[in-house]
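First up is the structure itself, then whatever we jot down about it.
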Amino acid sequence: MKVYYNSGCPVCKAGIEGQMEKDSSCEIQWNDVHKDNNLVSEVESDLEFVRKRLHVIDEKGELQVGFDAFLAIWFNSPQEVWKAKLFGIPGIRQLCQLLYNIFAAVLYKWNKAKKHW
C-alpha cells in the first residue's frame, strides 16, 4: 500500500505520524508530497488536490481518495479494522465522506491562509 499525504499541513502531519506508529497487516510506503511534489504523478493527480485530500493506492492497486483512503488504511490496521467496518457501512460511509470533504476544504483554506506551502 502507498499513502500520499501532505506534511505541510500540521493537522495532516500529526494524523499520519500517529498512523505510522500503528501495526499494519501489509507493508505501507508513506509518501510525503510536501517534501517531494513529483510524487503526485504516481496517483495521476495535481499537487493541490493531493494536498486537499489523502490518497492511497491500496493493496489491490486501486486508488482511494479522501475518506475512502482512511478506510483502506484502517482495513489494514488490526487495531482499526472495527472503524473500517463501522464507518464503511452504506449511509454512514456517505455521511463520513461528506463530513471529510467539508473538513478537508476548510483545512486546505486554513493552510493556504497560514502559508504552510
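Could you tell me which residue of the stretch 49-75 is surrounded by the fewest Cβ atoms within 10 Å (Cβ to Cβ), considering only residues that are of a type in the set (Asp, Glu) and in a loop (DSSP other than H, G, I, E, B)?
For the stretch 49-75, the residue satisfying everything is Glu62.
Mind checking which residues of the stretch 2-43 are of a type outside the set (Phe, Trp, Tyr), in contact with a helix residue (DSSP H, G or I) (Cβ under 9 Å, 6 or more places away or on another chain) and open to solvent by less than 30 Å² (accessible area, probe 1.4 Å)?
Val3, Asn6, Ser7, Gly8, Cys9, Gln19, Asn31, Asp32, Val33, Leu39, Val40, Val43
Criterion first (farther than 18 Å from Lys2 by Cα and open to solvent by 30 Å² or more (accessible area, probe 1.4 Å)) does Arg93 satisfy it?
yes
Do we find that Pro78 is surrounded by fewer than 14 Cβ atoms within 10 Å (Cβ to Cβ), out of contact with any Leu (no Cβ under 9 Å at 6 or more places or on another chain) and either without any contact (Cβ under 8 Å) to a residue 12 or more places away in the chain or hydroxyl-bearing (Ser, Thr, Tyr) (or both) in this structure? So that I can check it myself, show each step before the final result.
On the way: surrounded by fewer than 14 Cβ atoms within 10 Å (Cβ to Cβ): yes; out of contact with any Leu (no Cβ under 9 Å at 6 or more places or on another chain): yes; either without any contact (Cβ under 8 Å) to a residue 12 or more places away in the chain or hydroxyl-bearing (Ser, Thr, Tyr) (or both): no.
So Pro78 does not fit the description; no.
The values are calculated or read from the model by the stated rules, or taken from the named source; none is laboratory data. Computed from a predicted model, the values in this text were never measured in an experiment. Glycine gets a Cβ as well: all are built from the backbone with ideal geometry, and neighbour counts include every protein chain shown. Note: accessible area is taken over every heavy atom of the protein model, side chains too, but ligands, DNA and RNA are not part of it. Shrake-Rupley method; radii C 1.70, N 1.55, O 1.52, S 1.80 Å.
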